[in-house]
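Some notes on the structure that comes next.
The values are calculated or read from the model by the stated rules, or taken from the named source; none is laboratory data. No experiment lies behind these values; they were computed from the predicted model shown. Note that each Cβ is placed from the backbone with ideal geometry, even for glycine, and that neighbours are counted across all protein chains shown. The area values use the complete protein model at the heavy-atom level, side chains included, leaving out ligands, DNA and RNA. Shrake-Rupley method; radii C 1.70, N 1.55, O 1.52, S 1.80 Å.
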Amino acid sequence: MSGVAAAQGAEAGRAEAERAAFLRDALAGLSAEPRTLPGKYLWDAIGSDLFDRICHTADYYPTRREMALLPEVARDVAGEIGPGARLVEFGSGASRKIRTLLDALSRPATYIAVDISGDYLAGAIRRLAPDYPAVTMQAVCADYAEPFTLPLPGGGGPVLGFFPGTSIGNFPPAEAGAFLARARAALGPCLFLVGADPTVDPDLLHAAYGGADGLMDAFHRNVLVRMNRELGADFDPGAFSHAVRLRDDPFRVEAHLVARDATRARLGGAEFAFAPGDSIRTDTSHKYTPEAFAALASANGWTPLRYWAGPQGGFSLHLLRG
Ligand SMILES: C[S@@+](CC[C@H](N)C(=O)[O-])C[C@H]1O[C@@H](n2cnc3c(N)ncnc32)[C@H](O)[C@@H]1O
């Protein structure tokens, strides 16, 4: 077999394994009570593009607040990390925020972008690379909720990990701790800059997670479209609408797809019936005060060095040492 044929065979095998895992997770989640779908399946190229548009809306406060903090944070972190750094971003999406760090750091050497949304990741790196010709760029398509390794050979420059946005909140707290421990092992000795959102104001949360110019509705319904296309399901996406629910203990924002009328869908030989008002939880966002996030990081192998917070304490960026 030629090298090209072997690579194509490996790629086809990987795609089939991913499809089988998606089907297994979807069947398990839709058979559970309450019904859920893992949030990671929101992220295909369409979902990533919709999310990038959400980040530009007035309602989606986390991006605006974090971007307002980043220039000062990047200057301070540049002083701490020194020249020749190797940057690793988890959940890099459109790779916009990394530009502020790349611009502030002295002669950054490498940028490794890790994201589950493979096609979108490749496009983001293609757009970024020409603006930073001296930086070696690597796209790593991986699920960071599973064990992972990073292309970080020994003997290179200092390592700076970056996990911006509110992504840490998408894990339940125990899994957030496990992610921080995995990142600690994968990054080795490093600094790690992590975003955390303490917002509990219901009006702000409903506007950001429920509105965003109607884009949140399309973003969450896209997972039904994706199951139809990739898994041969027959959901009627128009039969569901998106709703936000605030929950306590611990405080979190849940996104649901709620059936407007009675509807049914077939998937992988099973049939699922929905009465009006029945819902599927499609994502969760846990909120962390700076103190709660620092405690979580400390319990999972990190030393919190400092954090920066916006004027109303509306978003925080934490610098950890590992
Ligand atoms: C909320 S967006 C944040 C994007 C960007 N970092 C920002 O701050 O605007 C989450 C990003 O993480 C990626 N992602 C979500 N779950 C993931 C997983 N389990 N493994 C790897 N990437 C994931 C998504 O594809 C998406 O790009």
Divide by every residue of the chain the summed helix terms, -39500 (n - 2.57) for each DSSP H run of at least 4, and state the resulting mean residue ellipticity at 222 nm, rounded to the nearest 500 deg cm²/dmol.
-12500 deg cm²/dmol
Hydrodynamic radius by Kirkwood for segment 1-142, inverse mean 1/r across distinct Cα pairs, in Å, is 17.6
Test of understanding: in a Gaussian network model of the chain with alpha carbons linked when under 10 Å, which of Ala113, Ala12, Ala309 would top the mean-square fluctuation ranking?
Ala12
Calculated FRET efficiency, Glu230 and Val258, Cβ-Cβ r, R0 30 Å, to nearest 0.05?
0.85
Could you derive backbone 3J(HN,Hα) for segment 147-157 from the dihedral phi with the Karplus parameters 6.51, -1.76 and 1.60 (θ = phi - 60°), listing whole Hz in sequence and x where the residue is Gly or Pro?
x, 9, 10, 10, x, 10, x, x, x, x, x
Label-point separation in nm, Arg75 to Gln312, each point 7 Å along Cα→Cβ
2.5
Ranked by GNM mean-square fluctuation in the chain (Cα springs under 10 Å), the top entry among Gly79, Gly211, Gly161 is Gly79
Let me make sure I get this right: for segment 256-322, a, b and c are the square roots of the gyration tensor eigenvalues over alpha carbons, sorted descending. Under 1.5 in a/c it's rounded, otherwise prolate if a/b > b/c, else oblate. Which is it?
prolate
Round to a whole number: what % of the accessible area of segment 59-215 belongs to carbon and sulfur, probe 1.4 Å?
55
If you build the Cα gyration tensor of the chain and take the root of 5 times each eigenvalue, what three semi-axes come out, in whole angstrom, biggest first?
33, 25, 17
For the chain, what does the relative contact order come out to in percent, with C-alpha contacts under 8 Å and a separation of six or more?
20
Using a Förster distance of 30 Å, the FRET efficiency for Ala122-Ala275 (Cβ separation, nearest 0.05)
0.10
Using the Kyte-Doolittle scale, find the helices of the chain whose mean hydropathy is at least 0.0 and whose Cα atoms extend 27 Å or more along the helix's long axis, counting only whole DSSP H runs.
3-31
So for segment 1-158, averaging the separation of alpha carbon pairs under 8 Å that are six or more residues apart and normalising by length, what relative contact order in percent results?
19
With Cα springs under 10 Å, the Gaussian network model of the chain assigns the largest mean-square fluctuation among Asp25, Asp44, Asp201 to Asp201
Could you state the number of Å between the C-alpha centres of segment 134-201 and segment 48-78?
17
